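A.B. asks: Dumping the structure here so I can ask a few things about it.
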Amino acid sequence: MPSLPDHAFTITGGCNCSAIRYKLSVPALADRPPTHMKIHLFLPPEQAHKDWRLPTVAVCHCASCRRGFGSVVPAMMQCPAYMLSVSALPVESTEKTEDVGTGGFSALTPRKSAGDLDDQRQAEFRPAAEVFKPGPQSGNTWVRFYHASGCLPDAARVFCGRCGVHFGKAYRITEELLRFMDKPAGGWDEVVNVNIATVDDGLLEQEWMEPAAQAFGSLWGVPWVVKTVKMGGDEGQA
């Protein structure tokens with residue numbers, strides 16, 4: 001089963017046009033919180049007993065994630081929002097950014113060093129809990145949100161309003177979710193499921209970015225999709 005490195009490190013990523021960039025600061029293994037998910041509901045017994053810590057890289061086969069991510073393989077990094085910081089350009093910004101989202105051969109090639117210019121951005125990196133939710137820190141930027149009609153008020157899918165890239169889902173652990181989740185011991189309650197397709201290519205190519213688990217494969221998964229992404233025999237599948 002793949003797993004993230006034990007040492008502290010940073011994962012960077014962003015959208016096609018670079019209007020939105022993020023940094024995920026992963027602490028050393030001993031400082032990573034245990035997952036808030038009730039794992040026995042999502043994974044088979046032989047997997048549920050493992051020490052699952054955040055961030056967790058996984059594939060979810062539920063219909064909501066499949067359609068919401070616009071992919072038959074919705075792969076994500078589930079992480080506490082406090083680990084994630086976001087730089088979102090204002091709509092009126094004149095900062096020159098990379099524009100690779102509308103075609104041309106250059107748009108097809110990997111961008112292995114997209115994060116090299118992050119420190120030179122006009123928009124500072126701010127906590128995701130402020131930027132990836134409607135409010136003063138996101139209101140004048142390219143960050144956009146979608147709330148489903150039956151969605152909790154503290155949950156939204158996050159997009160770039162300029163190039164359309166989907167970043168994933170940001171939500172707060174509320175009482176309604178405690179059927180599926182536990183209250184985190186560390187006092188945090190905001191989570192971001194980051195679409196790993198937005199991770200910078202040089203990092204995405206690392207073997208440890210391979211999803212460590214598949215949720216709901218046997219319950220709601222499309223059979224040929226589950227077979228296609230099968231990892232290590234039946235390991236990590238539910």
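The values are calculated or read from the model by the stated rules, or taken from the named source; none is laboratory data. What you see is a predicted model; the values in this text were computed from it and never measured. Backbone-built Cβ (ideal geometry, glycine too); neighbour counts: all protein chains shown.
A.B. asks: Got at least one residue in segment 26-42 being within 30 Å of VAL91 (Cα to Cα) and under 14 Å from the mean Cα position of the chain (by Cα)? Can you show your working first?
C.D. replies: Within segment 26-42, the first condition is being within 30 Å of VAL91 (Cα to Cα), and the residues that meet it are 26.
Applying the additional criterion that residues be under 14 Å from the mean Cα position of the chain (by Cα) yields 26.
Yes, the conditions are met somewhere in segment 26-42.
A.B. asks: Restricting to segment 179-203, name every residue that is in a helix (DSSP H, G or I) and without any contact (Cβ under 8 Å) to a residue 40 or more places away in the chain.
C.D. replies: Going through segment 179-203, the residues in a helix (DSSP H, G or I) turn out to be 196-198, 201-203.
Of everything in segment 179-203, nothing turns out to be in a helix (DSSP H, G or I) and without any contact (Cβ under 8 Å) to a residue 40 or more places away in the chain.
A.B. asks: Identify, by number, the condition in (1) within 17 Å of the chain's Cα centre (by Cα); (2) farther than 18 Å from ILE20 by Cβ; (3) modelled with pLDDT under 90 that GLU175 doesn't meet.
C.D. replies: (1)
A.B. asks: For segment 95-139, give me each residue that is polar (S, T, N, Q), in a loop (DSSP other than H, G, I, E, B) and at pLDDT below 80.
C.D. replies: Let us first name the residues in segment 95-139 that are polar (S, T, N, Q), namely 97, 102, 106, 109, 113, 120, 122, 137-138.
Now narrow it down to the ones that are in a loop (DSSP other than H, G, I, E, B): 97, 102, 109, 113, 122, 137-138.
Answer for segment 95-139, where residues must be polar (S, T, N, Q), in a loop (DSSP other than H, G, I, E, B) and at pLDDT below 80: THR97, THR102, THR109, SER113, GLN122, GLN137.
A.B. asks: Read through the list (1) closer than 30 Å to PRO223 by Cα; (2) at pLDDT 90 or above; (3) more than 17 Å from the chain's Cα centre (by Cα), then give the number of the only condition that LEU89 fails.
C.D. replies: Of (1) closer than 30 Å to PRO223 by Cα; (2) at pLDDT 90 or above; (3) more than 17 Å from the chain's Cα centre (by Cα), only one is false for LEU89: (1).
A.B. asks: Does ALA170 satisfy the condition of being surrounded by fewer than 19 Cβ atoms within 10 Å (Cβ to Cβ) and in contact (Cβ under 8 Å) with a residue 60 or more places away in the chain?
C.D. replies: Numbers: surrounded by fewer than 19 Cβ atoms within 10 Å (Cβ to Cβ): no; in contact (Cβ under 8 Å) with a residue 60 or more places away in the chain: yes.
Criteria not met by ALA170.
A.B. asks: Scan (1) surrounded by 14 or more Cβ atoms within 10 Å (Cβ to Cβ); (2) more than 22 Å from ASP189 (Cβ to Cβ); (3) at pLDDT below 95 for the single condition LEU29 breaks and write down its number.
C.D. replies: Against the list (1) surrounded by 14 or more Cβ atoms within 10 Å (Cβ to Cβ); (2) more than 22 Å from ASP189 (Cβ to Cβ); (3) at pLDDT below 95, LEU29 comes up short only on (3).
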